[in-house]
1. In segment 124-148, what count of residues is obtained for those that are within 16 Å of the ligand (Cβ to nearest atom) and in contact with a Lys or Arg (Cβ under 9 Å, 6 or more places away or on another chain)?
2. Which one of the conditions (1) open to solvent by 30 Å² or more (accessible area, probe 1.4 Å); (2) in contact with a strand residue (DSSP E or B) (Cβ under 6 Å, 6 or more places away or on another chain); (3) more than 30 Å from Leu244 (Cα to Cα) does Ile155 fail to meet, given that it meets all the rest?
3. Out of (1) more than 14 Å from the ligand (Cβ to nearest atom); (2) open to solvent by 20 Å² or more (accessible area, probe 1.4 Å); (3) farther than 19 Å from Gly130 by Cβ, the odd one out for Ala101 is which?
4. Which condition number does Gln148 fail, the rest of (1) assigned to a loop (DSSP other than H, G, I, E, B); (2) crowded, with 17+ Cβ neighbours inside 10 Å being met?
5. Restricting attention to segment 272-286, does a residue exist that is under 30 Å from Asp36 (Cβ atoms) and aliphatic (A, V, I, L, M)?
6. Do we find that Gly77 is surrounded by fewer than 20 Cβ atoms within 10 Å (Cβ to Cβ), touching a Gly at 6+ places or on another chain (Cβ under 7 Å), closer than 21 Å to Arg223 by Cα and free of Cβ contacts under 8 Å to residues at least 60 places away in the same chain in this structure?
7. Of the conditions (1) open to solvent by less than 10 Å² (accessible area, probe 1.4 Å); (2) away from the ligand (no atom under 16 Å from the Cβ); (3) in contact (Cβ under 8 Å) with a residue 40 or more places away in the chain; (4) not polar (S, T, N, Q), Ala65 clears all except one; give me its number.
8. Take the conditions farther than 21 Å from Asn200 by Cβ and more than 16 Å from the ligand (Cβ to nearest atom) and apply them to Val90. Does it pass?
Amino acid sequence: MTGRNFVSDNVAPVHPAVMAAIAAANSGPAASYGEDAISARLDEAFGGLFDAEVRVLPIATGTAANALSIAAMAGPGARFYCHEQAHIAVAEEGAPGFYVAGGECVGVAGELARIDPAALGASLAGAKGGILSLTQATERGTVYSPAQVAALAAIARAAGLRVQLDGARFANAVARLGCHPADIAGRAGVDALVFGTSKNGTLNAEAMVFFDPAFADELFPARKRSGHAYSKMRYLSAQLEAYLADGLWLDLAAHANAMARRLADGLAGHPEISLLAPVEANLVFLDMPGWVLEGLRAEGFEIHAARGGASVRLVTSYATTPDDVDRLVEAALPGRSVERRASR
Ligand SMILES: Cc1ncc(COP(=O)(O)O)c(C=O)c1O
């Protein structure tokens with residue numbers, strides 16, 4: 001359970017199956033820097049998932065995964081086209097530009113954090129190469145359908161761009177769409193995917209999945225130079241292996257999504273709370289009066305909010321229980337809130 005903490009899916013503990021896999025890997029010597037037996041199995045495991053030949057490089061943070069997967073495909077001075085609210089544009093301190101000399105992010109508009117195809121086309125007028133970076137699920141908790149990913153990728157490819165996908169919540173998107181994972185990745189024209197896992201049960205392992213192995217080879221010096229070649233790689237690889245085993249990744253994401261749905265449904269009847277975006281993954285965006293928010297906080301709920309409650313983000317995770325959700329819904333009920341307002 002995550003109790004009263006709805007700040008982020010990052011607050012959840014590590015899933016026991018992942019912890020067990022780390023413990024199981026913790027026996028005797030193993031070759032370092034990804035030369036171990038567990039790491040050697042990853043290409044095949046992810047290849048099976050994506051029904052393609054892929055190269056997989058484990059990495060410890062989503063930010064490094066985004067920046068390095070972009071750097072693998074971008075030349076000096078490249079532009080990275082992404083949604084104007086994209087994590088790489090607003091929350092990674094310019095990390096892709098740190099790895100690509102002279103590189104810069106170009107924000108593209110679109111409703112609900114999904115890039116608008118016409119806006120992308122306009123931004124790309126005259127462009128020669130670069131990177132299109134999509135986020136799935138988006139920063140607003142919406143998802144791109146397979147057709148939407150394919151359409152945006154086609155526009156980008158026609159202008160000579162490569163396509164990278166920030167899948168910090170890729171599992172939540174697949175769970176929502178009910179599609180084959182490849183339908184929003186390799187088959188839709190994505191060249192490099194950041195298959196995020198640490199928001200959904202692992203400790204510190206994201207997978208950079210390259211649908212063209214040559215890009216992974218490109219990355220070996222940059223990984224070393226940037227301090228992301230891990231001597232103890234077996235422990236990251238063990239997390240990824242356990243995460244994929246028996247569809248754990250998808251079950252966990254489906255649960256997180258269901259908890260977000262339950263939360264949104266529970267709050268739907270509240271006269272003073274309104275949804276700011278459709279709930280398609282595990283993020284719930286609300287407009288909530290400041291005094292309701294303060295009342296919830298006074299009861300120990302931890303909530304991320306901006307503008308005094310005008311934009312509240314509640315995040316569920318694999319570890320959120322129905323009871324966790326129901327307690328928050330109950331505490332926000334109009335009767336309870338009115339009591340609080342009266343006692344102010
Ligand atoms: C959409 C998205 N991409 C990337 C990241 C970066 O992950 P990390 O904090 O592991 O660098 C986050 C983290 O919040 C995210 O929400």
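1. Residues meeting the conditions: 12.
2. Every condition holds for Ile155 apart from (2).
3. Looking at each condition in turn, Ala101 falls short on (3).
4. So the condition that Gln148 fails would be (1).
5. No: zero hits.
6. Values: surrounded by fewer than 20 Cβ atoms within 10 Å (Cβ to Cβ): yes; touching a Gly at 6+ places or on another chain (Cβ under 7 Å): yes; closer than 21 Å to Arg223 by Cα: yes; free of Cβ contacts under 8 Å to residues at least 60 places away in the same chain: yes.
So Gly77 fits the description; yes.
7. (2)
8. No, not satisfied.
The values are calculated or read from the model by the stated rules, or taken from the named source; none is laboratory data. Note that the coordinates shown come from a computational prediction; the quantities given were computed from them, not determined experimentally. Heads up, the Cβs are rebuilt from the backbone with ideal geometry, glycines too, and the neighbour counts pull from every protein chain shown. Note: accessible area is taken over every heavy atom of the protein model, side chains too, but ligands, DNA and RNA are not part of it. Shrake-Rupley method; radii C 1.70, N 1.55, O 1.52, S 1.80 Å.
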